Amino acid sequence: MAVAAGVGRILLTCAAGAIRPGLAPGDLVLVSDHLNLMAWSPPPGGEPFLDLTQVYDLAGSRILAAAAAEAGQTLGHGGWLLAGLVRWAALPAD
């Protein structure tokens, strides 16, 4: 629907944890790949192997990297790891 409405790019943001040395809370990270270790794969009713060769927009990543540099922000690079069934965002804040 977004493409039909004329949307060319979508920028997704989130808060996530990191295990990479040198990254600190609040650092900006450009995600360029992911590793899916979830128990439910492939998606029900779909193709067993999805084409993920163009999931991350290289041209869009270059635009974001240039914007971060222009703003004087350090931009880290990393990937997503999807594992287990832990839902950090759904845990109560005691």
Restricting to region 36-61, what's the tally of residues that are more than 15 Å from the chain's Cα centre (by Cα) and at pLDDT 80 or above? 1
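Find the residue count for region 20-40, including only residues that are part of a loop (DSSP other than H, G, I, E, B), among the hydrophobic types (A, V, I, L, M, F, W, C) and within 25 Å of T53 (Cα to Cα).
Of the residues in region 20-40, 3 are part of a loop (DSSP other than H, G, I, E, B), among the hydrophobic types (A, V, I, L, M, F, W, C) and within 25 Å of T53 (Cα to Cα).
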Of I19, I10, which residue is under 14 Å from G76 (Cα atoms) and of a type in the set (A, V, I, L, M, F, W, C)? I19
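The values are calculated or read from the model by the stated rules, or taken from the named source; none is laboratory data. The shown structure was predicted, so the numbers you read here are calculated from the model rather than taken from an experiment.
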